[in-house]
1. Binning every alpha carbon pair distance of the chain at 10 Å from zero, what are the percents per bin?
2. Just the projected area, averaged over all directions, of the convex hull on the alpha carbon atoms of the stretch 138-215: how many nm²?
3. Per-residue counts of other Cβ atoms within 10 Å, averaged by peptide: what ranking do you get for 6-15, 412-421, 265-274, highest first?
4. Assuming 1.002 mPa s and 20 °C, estimate D for the stretch 85-147 with Stokes-Einstein, Rh taken as the Kirkwood radius over Cα pairs, in µm²/s.
5. How many nm is it between the label spots at N250 and M304, if each spot is 7 Å from the Cα in line with the beta carbon?
6. Can you give the Rg/Rh ratio of the stretch 14-150, where Rg is from the C-alpha atoms and Rh is the Kirkwood radius?
7. Using a 7 Å offset from Cα along Cα-Cβ at S326, what residues in the stretch 102-141 end up with backbone N under 14 Å from the label point?
8. Can you give the FRET efficiency to the nearest 0.05 for M109 and T149, using r as the Cβ-Cβ distance and R₀ = 22 Å?
Amino acid sequence: MRRIAIIGGGIAGVTAAYELARLARDGAAVEATLFESSSRLGGIVETIREGGFIIEGGPDGWVTEKPWARELAEELGLSEELLPSNDATRRTYILKDDRLQAIPDGMRMMVPTDLAALDESSLFTSAARQSFRDEPSRAQELKASAPATDESVADFVRRHFGPEVLHTIAAPLLSGVFGGDVATLSVRAVMAPFVAMEREHGSLITALQSRAPKNGSNAAIFTTLRSGLATLIERMVATVPPTWLRMNSNVAAIGRDETGWTVRCSGNKATPEHFDELMIATPVDIARSLLAPHDSYAAGLLKMEASSAVIIAFALPDASRFPVPSGFGFLVPPHHASTNGSEGLAAKTPSRLLAGTFTDQKFNHRVPSGARLVRAFFGGPTAERMMGCGNDEIASVARLELARILGPLPDATITVVRRWPRSLPQYSVGHLERMAELNNRVAAMPGLHLLGNGYRGVGLPDLVRDARSAARGVISS
Ligand SMILES: Cc1cc2nc3c(=O)[nH]c(=O)nc-3n(C[C@H](O)[C@H](O)[C@H](O)COP(=O)(O)OP(=O)(O)OC[C@H]3O[C@@H](n4cnc5c(N)ncnc54)[C@H](O)[C@@H]3O)c2cc1C
């Protein structure tokens, strides 16, 4: 019987436990113990179901193009629950000159596929529109200027389209997802498909235009579950033997000996337990401190910036009292400075909100009939400062920021505030090389596996794929 310890019960750890339980049912001689420090499984994945509202405290869906979360949901009998985003009304706005301006149709992040649509939009100046038009004819120059090593997202976007496109669309898109800074994010880690396009075509616009539409390319851009993403966690947990789950168990130290690994939880009476293999699926900071006594160099490779995130959801009973533009929501450029005439501190300081989601318009079945659900997202240094504030204070800042952009917010029947400290690791320039080095160090410590959002992707599908493949690897090794 192979004994596996899994530390951390977010989606990565729970998926690993689920996969091991599945393999055990199929006859593999394996048993696992999942140590979770809190009293709840799911980590950042959390759904609050109240008063007919489905409120996500963390992720609200996954990118449909990546199949692994959908495959898992189908395997769990959740096909009927799969809910596509409402792409017929897909529109995202950017706050520019204190006005929400729609991202033109046909944009794939900062790359237009329909140059004519740019002329109908006021988002870009004529100079930026010209830089888009020029990009295809600069294909050879762009190929030649591509560096042999990694570069920042900012440098990559600037080379293709210039500074305005970087600040107007690329920076808000990336900070709305990673809470991060385009000047430090690695283009190879967070925009790998665009790097591949550049290598092949030089021009990103030509590359996208020459792509044959994929089968299923009409699929909605995002997918979620009708009853909320926590259902994915709940269904997986239901298949894991209850004796495998160790809640309120904070792992304080790990040890190594000739036959495997030991795990010791906090508390005076805790004694180390022995396992053959160890999966660390905690946030990177915790993984680093657990690993440090065994390989300080590997721990050093795990030193990375991480953005904190704060989510505030307002459930409003009457949508007509809070009209919002048609679409999924809006992004605020990280350095947007408000010039409107509103009173108070907020009017004098750069907007600290990174994004707002019109959840009831993005997905169906999120609210009772006629109601509205909006979500505000703060990241970076602002979220860091908010960590120490009370819920009421955080909610009132969110209210103020939303009101500045959308008009006065009526009273909410439910307000949800969630703080996720250092939850979004920043894959900075050189990330892939550091991870390759880390893999070599980990390979030298047999039986050790690092899972979670610090390594090979932050999105739910990536984490599901990674955890399942690590669990299968344990059995086949
Ligand atoms: C606000 C926000 C919105 C997001 N939106 C999306 C989205 O829409 N789509 C998408 O695909 N992704 C999204 N993401 C990213 C995605 O949600 C995360 O990358 C993912 O949920 C992380 O899962 P994880 O299992 O790696 O870590 P976590 O969810 O952080 O889980 C780690 C677990 O380890 C436990 N733990 C910590 N220390 C110990 C210890 N010493 N001993 C035992 N247990 C410990 C913690 O309690 C926690 O349960 C979002 C992230 C954030 C923060």
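None of the figures in this text is laboratory data; all of them are computed from the coordinates on show. Since this is a predicted model, take the numbers as computed values, not measurements. All Cβ positions, even for glycine, are placed from backbone atoms using ideal geometry, and neighbour counts span all protein chains on display.
1. Taking every Cα pair in the chain, the percentages come to 4, 19, 28, 26, 16, 6, 1.
2. 5.6
3. In decreasing order of mean packing, 6-15, 412-421, 265-274 become 6-15, 412-421, 265-274.
4. Numbers: Rh = 13.3 Å.
My calculation gives 161 µm²/s for D.
5. Distance between label points: 2.5 nm.
6. 1.12
7. 102, 105
8. 0.50
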